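The values are calculated or read from the model by the stated rules, or taken from the named source; none is laboratory data. Note that this is a predicted model, so its numbers are computed, not measured. Methodologically, a virtual Cβ is constructed for each residue, glycine included, from the backbone with ideal geometry; neighbour enumeration extends over all protein chains shown.
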Amino acid sequence: MDTKSTGTSASKAANEIMVKNEVFFTDQGTPEPVPAKIVTLASKIDEYALKVGRSNTHVMSVVVQLLTFGKVRLDFRDYLERLELLNPSEIMSRPEAVAIFDKHMISSSRKDDDLSPLTQKIIIQPPRITPPRR
């Protein structure tokens with residue numbers, strides 16, 4: 001019975017999982033709420049990937065926490081953000097959550113590859129200094 005429910009969650013894509021997104025600005029120490037939004041998990045993954053880097057494990061940690069416990073809170077310098085699964089039945093095991101994250105990152109990197117290739121390495125060399133001729 002438990003296997004059935006976890007299997008259906010893992011087969012979902014990140015753009016099919018809906019998340020309640022609440023933001024609280026912490027200007028002068030007191031949190032000021034902004035009206036909550038309903039967004040897809042895919043949009044939050046993409047947003048965080050841009051903020052902290054595509055291959056960063058922090059993004060994966062946020063997604064795994066959200067998918068395994070149903071909610072996660074992120075504290076940034078000027079605001080805090082709270083994410084909660086809209087459908088608590090989508091809570092799943094850690095391996096399933098990692099699989100959803102990986103699947104989304106692979107599919108989004110393919111889209112990026114179609115648009116333009118990513119720069120893998122940049123080397124900046126200082127100009128050669130040649131001694132003056134006498």
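Given the condition at pLDDT 90 or above and within 10 Å of the chain's Cα centre (by Cα), answer yes or no: does some residue in region 11-30 qualify? The answer is no, given that none of the residues of region 11-30 is at pLDDT 90 or above and within 10 Å of the chain's Cα centre (by Cα).
The residue pairs whose first member lies in region 58-80 and is at positive phi, whose second member is not basic (K, R), and whose beta carbons are closer than 9 Å, counting only pairs six or more residues apart or on different chains, are G70/E84; G70/L85; G70/P88; G70/E90; G70/I91. Considering (1) at pLDDT 70 or above; (2) assigned to a loop (DSSP other than H, G, I, E, B); (3) surrounded by 13 or more Cβ atoms within 10 Å (Cβ to Cβ), the lone condition that P131 does not fulfil carries the number (3). Of everything in region 54-97 that is in a helix (DSSP H, G or I) and farther than 27 Å from A36 by Cβ, the residue that is modelled with the highest pLDDT is P95.
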